[in-house]
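One structure is given here, and the rest of the page talks about it.
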Amino acid sequence: MSIVVEIRAARVQEYREVARMHYRAWRQSYRGILPSVLLDLFDDPLHWADNVYPDKLSQPGWTMWLAASGGAPVGVSIFGPEPGRPDRLEIDALYVAPEHQGQRVGSLLLADAVSSDPCGDVVLWCAEANHRARRFYEAKGFRLDGRTLDWKPIPKIEVPQVGYTLTRSAGTA
């Protein structure tokens, strides 16, 4: 089953509604990667709307695109120039509401983000243990690039991340 979605720039007044959807999708993505008790510590999606989104989107060239269906957010992508490497596009977040996964929403968001800057490579980070997301990105042409980091959501908890790159020739998407 597929749904009709509109991909467009998110408006500031939509951040709270987007954050509620984003939070549910994020929790689903990290279930089994982070202990449930730790997931429960991140129980304020409005922190994203009020702090995380404005901070990330205040960086030059960064944007948030929304997938909406029937006026409601069903997916979100956040992307912009990679810090320290403005010749590369970095996808910071790509999440789809759990009930809309498998309906091409993620593919549409990714394609629009990638086509927003047709020059240079596209990079992203993915939790090493998030096999579903890794399969998705690999099916879209992203390849492991050897970068690694440990995300530390709280002291003494590390979540291994792996870097992916979509290599493109300049001027092609």
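The values are calculated or read from the model by the stated rules, or taken from the named source; none is laboratory data. Quick caveat, the model's predicted, so the values are computed rather than measured. Positions of Cβ are backbone-derived with ideal geometry, glycine not excepted, and every protein chain shown enters the neighbour counts.
Quick notes
- Residues of segment 43-67 that turn out to be touching a helix residue (DSSP H, G or I) at 6+ places or on another chain (Cβ under 9 Å), modelled with pLDDT of 90 or more and in a loop (DSSP other than H, G, I, E, B), as a count: 1
- Of the set (1) at pLDDT 95 or above; (2) within 30 Å of G70 (Cα to Cα); (3) out of contact with any strand residue (DSSP E or B) (no Cβ under 7 Å at 6 or more places or on another chain), all apply to A129 but (2).
- Comparison of A127, A133, A113 shows that the only residue that is under 20 Å from R27 (Cβ atoms), out of contact with any Cys (no Cβ under 8 Å at 6 or more places or on another chain) and buried (at least 17 other Cβ atoms within 10 Å of the Cβ) is A127.
- Positions within segment 83-97 being under 14 Å from W125 (Cα atoms) and part of a loop (DSSP other than H, G, I, E, B), in sequence order: P83
- Single match in D117, D112 (criterion: over 26 Å from L39 (Cα atoms) and in a loop (DSSP other than H, G, I, E, B)): D117
- Tally of residues being at pLDDT 95 or above and either more than 24 Å from A97 (Cα to Cα) or aromatic (F, W, Y) (or both) across segment 132-165: 13
- Of all residues in segment 1-42 being assigned to a loop (DSSP other than H, G, I, E, B) and at pLDDT below 90, the one that is nearest to the chain's Cα centre (by Cα): F42
- Test: residue in segment 68-82 that is surrounded by 14 or more Cβ atoms within 10 Å (Cβ to Cβ), under 13 Å from the mean Cα position of the chain (by Cα), part of a helix (DSSP H, G or I) and touching a residue at least 24 places away in the same chain (Cβ under 8 Å): no
- Residue that is surrounded by the fewest Cβ atoms within 10 Å (Cβ to Cβ) [pool: residues in segment 83-104 that are farther than 22 Å from R20 by Cα and at pLDDT 95 or above]: R88
- Options R31, R16; residue that is free of Cβ contacts under 8 Å to residues at least 12 places away in the same chain, out of contact with any Cys (no Cβ under 7 Å at 6 or more places or on another chain) and either over 18 Å from G71 (Cα atoms) or of a type outside the set (F, W, Y) (or both): R31
- Within segment 120-163, the set of residues being touching a Phe, Trp or Tyr at 6+ places or on another chain (Cβ under 6 Å) and not in a strand (DSSP E or B) comprises Y137, F142.
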